[in-house]
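Here it is, the structure, as structure tokens.
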Amino acid sequence: MKCQCKTSQNNSKDINPREPEDKTGRHPCFSIEAHQRYARMHLPVAPVCNISCNYCSRKYDCVNESRPGVTSQILTPTQALQKFMIVRDKVENLSVVGIAGPGDALANWGKTRKTLELIRGRDPEVIFCLSTNGLLLPDYAGELVELGVGHVTVTVNCLDPAIGQGIYRYVDYRGQRYEGLAGAAILIASQLEGIRHLVRRGVLVKVNIVMIKGVNDFHIPDVVKRLKDMHVFISNIMPLIPARGSAFENYPGTGAKELNSMRAACGADLRQMYHCRQCRADAIGMLDNDRSAEFRTVHEEEGATGKGAVCRSARAV
Ligand code: CLF
Ligand code: SF4
């Protein structure tokens with residue numbers, strides 16, 4: 001999906017992304033206007049995942065590819081802070097720090113929390129954002145609020161475990177692995193409970209939905225209606241990218257036309273995101289101008305996991 005915007009980093013000279021104003025107005029994913037003015041950075045501190053989505057594949061990184069969830073390196077919280085300080089100095093319109101994998105932010109809670117604490121200690125204004133599959137949201141929603149995470153994305157592909165069993169291979173929960181209906185039911189119940197908790201506490205919630213032809217596409221309008229009733233802020237219906245090596249590798253991808261017509265139909269119920277770029281777990285910059293390559297060597301020289309770290313593809317941030 002090629003962006004048509006004519007924006008560049010240069011139009012950021014007159015803004016201070018760290019001024020305390022309307023935070024959502026400075027969040028490039030939650031606000032269409034903000035995506036033309038502000039930058040975000042992802043810190044890849046969360047390598048592990050606690051579920052297995054059929055559209056996800058663990059691949060080694062390739063410097064030539066830019067796929068969702070992929071990262072060139074995994075950072076420790078201390079390295080993440082160092083990278084943030086470097087990027088903050090160089091990307092003057094940086095407004096958001098997000099944790100978006102390459103696994104699940106909450107499945108790596110110790111590292112995620114430490115990273116947020118370290119950064120907050122150095123920057124009281126930067127907006128915190130986080131994406132998760134939602135399995136552990138009921139456990140950590142309260143702490144997220146206390147840490148000042150005001151924007152959270154949860155990937156909710158369906159509300160019906162019968163559909164979910166075709167999307168999730170397994171769910172690891174409280175020390176046990178669940179497959180099929182049981183796993184999907186646990187995941188969906190956790191997602192909904194977690195979203196309710198966040199909304200009650202004033203967190204803006206975005207829901208990502210991966211549109212998979214013949215699997216959940218017919219069900220998406222019902223999902224969006226339910227999200228509206230739960231006061232979710234925006235939904236982001238994303239195309240399936242059939243990742244090599246994933247269970248869905250031979251499934252048809254979702255075309256732009258059918259994707260946008262689904263978004264338009266669902267737009268009658270809930271605000272829709274049209275400008276998602278399905279970015280990497282180490283993305284840096286404006287959504288249409290990824291600058292992660294500029295900063296990639298920063299920690300490779302200092303002993304971070306480096307190239308070859310486990311990464312995920314086709315994930316839904
Ligand atoms: Fe990152 Fe996601 Fe926060 Fe944005 S991305 S954690 S909400 S700061 Fe944005 Fe990237 Fe799309 Fe995600 S364009 S994949 S929606
Ligand atoms: Fe985990 Fe995300 Fe991969 Fe799903 S897509 S298995 S939530 S890393």
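Being among the small types (Gly, Ala, Ser) and in contact (Cβ under 8 Å) with a residue 24 or more places away in the chain is the filter; apply it to the stretch 159-170 and report the residue that is farthest from ligand 1 (Cβ to nearest atom).
So the residue we want is Gly166.
Right, something else. Condition check: more than 30 Å from Lys213 (Cα to Cα), at pLDDT below 60 and not hydrophobic (A, V, I, L, M, F, W, C). Does Lys23 satisfy that?
No, not satisfied.
Which number in (1) in a loop (DSSP other than H, G, I, E, B); (2) modelled with pLDDT of 90 or more; (3) within 16 Å of ligand 2 (Cβ to nearest atom) marks the one condition that Tyr274 misses?
(3) is the only condition that Tyr274 fails.
Give the number of residues within the stretch 106-131 that are free of Cβ contacts under 8 Å to residues at least 60 places away in the same chain and outside any helix (DSSP H, G or I).
3
Out of the residues in the stretch 159-177 meeting the condition of being hydrophobic (A, V, I, L, M, F, W, C) and part of a helix (DSSP H, G or I), tell me which one is surrounded by the fewest Cβ atoms within 10 Å (Cβ to Cβ).
Among those residues, the one meeting the criterion is Ala162.
Taking into account only those residues within the stretch 137-158 that are part of a helix (DSSP H, G or I) and in contact (Cβ under 8 Å) with a residue 60 or more places away in the chain, which is farthest from Phe218 (Cα to Cα)?
My answer is Ala141.
Between Ala189, Ala182, Ala141, which is among the aliphatic types (A, V, I, L, M), out of contact with any strand residue (DSSP E or B) (no Cβ under 7 Å at 6 or more places or on another chain), modelled with pLDDT of 95 or more and closer than 24 Å to Met273 by Cα?
Ala141
Of the conditions (1) closer than 25 Å to Tyr55 by Cα; (2) within 20 Å of the chain's Cα centre (by Cα), Lys225 clears all except one; give me its number.
So the condition that Lys225 fails would be (2).
Would you check if there is a residue in the stretch 228-238 being over 26 Å from Arg169 (Cα atoms), among the basic types (Lys, Arg) and at pLDDT 95 or above? Quick ask: steps written out before the conclusion?
First pass over the stretch 228-238, keeping only residues over 26 Å from Arg169 (Cα atoms): 228-234.
Pick out the ones that are also among the basic types (Lys, Arg) and you get 228.
Now narrow it down to the ones that are at pLDDT 95 or above: 228.
Among the residues of the stretch 228-238, at least one is over 26 Å from Arg169 (Cα atoms), among the basic types (Lys, Arg) and at pLDDT 95 or above, which makes the answer yes.
Quick check: is even one residue across the stretch 243-259 at pLDDT 95 or above and within 16 Å of ligand 2 (Cβ to nearest atom)?
no
I'd like the full set of residues that are away from ligand 1 (no atom under 16 Å from the Cβ) and surrounded by fewer than 22 Cβ atoms within 10 Å (Cβ to Cβ), limited to the stretch 200-215. Steps first, answer last, please.
Within the stretch 200-215, the first condition is being away from ligand 1 (no atom under 16 Å from the Cβ), and the residues that meet it are 200-202, 212-215.
Across the stretch 200-215, the qualifying residues are Arg200, Arg201, Gly202, Lys213, Gly214, Val215.
Just one of (1) without any contact (Cβ under 8 Å) to a residue 60 or more places away in the chain; (2) within 16 Å of ligand 2 (Cβ to nearest atom); (3) not aliphatic (A, V, I, L, M) trips up Pro102, so point out which.
(1)
Return yes when Val232 is within 16 Å of ligand 1 (Cβ to nearest atom) and either assigned to a loop (DSSP other than H, G, I, E, B) or of a type in the set (S, T, N, Q) (or both) and no when it is not.
Judged against the criteria, Val232 is a match.
Just give me the residues in the stretch 178-201 being touching a helix residue (DSSP H, G or I) at 6+ places or on another chain (Cβ under 8 Å) and either part of a strand (DSSP E or B) or at positive phi (or both), in sequence order.
Tyr178
Being in contact with an Asp or Glu (Cβ under 6 Å, 6 or more places away or on another chain) and not hydroxyl-bearing (Ser, Thr, Tyr) is the filter; apply it to the stretch 126-159 and report the residue that is nearest to Leu81 (Cα to Cα).
Asn133
The values are calculated or read from the model by the stated rules, or taken from the named source; none is laboratory data. Every value quoted in this text rests on a predicted model; they were computed, and no experiment measured them. So basically every Cβ, Gly included, is an ideal-geometry build from the backbone, and we count neighbours across all protein chains shown.
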